[in-house]
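One structure below.
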Amino acid sequence: MPVIQSEYQCHQSLKNGHIQTLIPFFIRWGKPHELLTRTLTTPDGDFLRYYVSKAENPLNHVIIISHGLEGNGRDRYIIDMKKKFTAQGYDVISWDMRSCGGKLNRTKKFYNAKDFKDLEFLIENIADDYEKVSLMGISLGGAITTNYLGRNCDNVHPKVYRAFILSSPLDLNASNKKLRTEFSRFIYRHAFVYSMRKKVIEKAKVMDLPVDLNKVRKIKHIDEFDDYVTAPLYGYRNGEDYRSQASPLAHLEKIKIPFYILNAYDDPFLSKESYPFKLAKEKENIFLEVPKHGGHVGFVKSFRDEYYWYELRILEFLKMKI
């Protein structure tokens, strides 16, 4: 019954999901860290850029980190995590989803929660160099990781050892409704929608896209992006159809490896469906931890800590005897 009783505690001033979500943008600077940048050519003729950080005393074990919506493999919180993990003996690889990281990709595709093919391709290309491969998915990257392990359960690479998802939506329609509140729309719209919209408009200048640019220019919310870009680009009826088909919740029970979910109760992006208590009680390999506070990829305990709390949790899980 791996429902974990969380020991996470934070300062009284940090007991708010929005504060926890926003604070890291102001106090986390991502000090320079040496990254080896490499590029793969994908089967469809596009490129996949990834970043390798080497361990100080290698364990022959690599962690692959998949970033969140409109992030990239060089986000400052990922750089900080890499420094912590390499100090513990893990090589760490992060990667850019399509048209993230400052460069538009060659094909019409962008990225979405159901499309795990780039992650799968990356795993296949680096696995021979390691004894173990562990996966970490953050927010949307967690949904992609879950879909890879669940929908693809019979074809997961045999070296994939464990997986950890952080602040990840498991039901995309329910999470979309949560983000539809006026406060969330105002706070988080700038973080995602404007950059997503800009990429589509820029890509439409160099290739034909099956989208209505007049509608794209008026997009103000993520679900409108799903309606006007994701759905026509990937063949869904509309945004709701995409979110229904791409949600990983129904495939969670198919996962065969040890799998850890860390989602805070006060995460402004998540609905109750992203806390699968019943399944975690029934499945020996599904671990669920739901701290009362922590926000979305926050989990700040105080302003003085060297580590973010979830970084320690990931390391503990990788070393846990199961």
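Averaging the Cα positions of each part gives two centres, and for segment 214-268 and segment 138-161 these lie 16 Å apart. Across segment 105-117, computed HN-Hα scalar couplings (Karplus, 6.51 cos²θ - 1.76 cosθ + 1.60, θ = phi - 60°) run 7, 7, 9, 6, 5, 10, 8, 7, 5, 8, 8, 9, 5 Hz from first to last residue, x flagging Gly and Pro.
When the pairs 117/254; 54/109; 54/117; 256/281; 159/321; 177/203 are compared against a 22 Å limit on Cα-Cα distance, 54/109; 54/117; 177/203 fall above it.
Kindly identify segment 273-322 as rounded, prolate or oblate by the Cα gyration tensor criterion: order the square roots of the eigenvalues as a ≥ b ≥ c, call it rounded if a/c is under 1.5, otherwise compare a/b with b/c, prolate if a/b is larger, else oblate.
Oblate, because a/c is 1.5 or more while a/b does not exceed b/c.
Can you tell me how segment 172-246 classifies by the Cα gyration tensor, rounded, prolate or oblate, using a/c under 1.5 as the rounded cut?
On the way: a/c = 2.59, a/b = 1.28, b/c = 2.02.
Oblate, because a/c is 1.5 or more while a/b does not exceed b/c.
Note on the chain: GNM, Cα springs under 10 Å; of 72, 125, 147, the largest mean-square fluctuation is that of 125. Here the Karplus relation 6.51 cos²θ - 1.76 cosθ + 1.60, evaluated at θ = phi - 60°, turns the backbone of segment 69-85 into coupling constants of 4, 6, x, 7, x, 10, 4, 5, 6, 6, 4, 5, 4, 4, 4, 5, 6 Hz, with x for every Gly and Pro. Considering only 258, 169, 43, the mean-square fluctuation computed in a Gaussian network model of the chain, springs between alpha carbons under 10 angstrom, is largest for 43. Rounded, prolate or oblate, given the Cα gyration tensor of the chain, with a/c below 1.5 counting as rounded? Here the chain falls in the rounded category. In order along segment 172-179, the phi-based Karplus estimate (6.51 cos²θ - 1.76 cosθ + 1.60, θ = phi - 60°) of 3J(HN,Hα) comes to 6, 5, 5, 5, 4, 5, 5, 6 Hz; Gly and Pro are listed as x.
Please tell me the relative contact order of the chain in percent, rounded to the nearest whole number, where contacts are Cα pairs under 8 Å and at least six residues apart. For the chain, the relative contact order is 24 percent. Of the residues 273, 202, 224, the one that moves most in a GNM of the chain with alpha-carbon contacts below 10 Å is 202.
Read the figures in this text as sums done on the coordinates, not as results from a lab. The shown structure was predicted, so the numbers you read here are calculated from the model rather than taken from an experiment.
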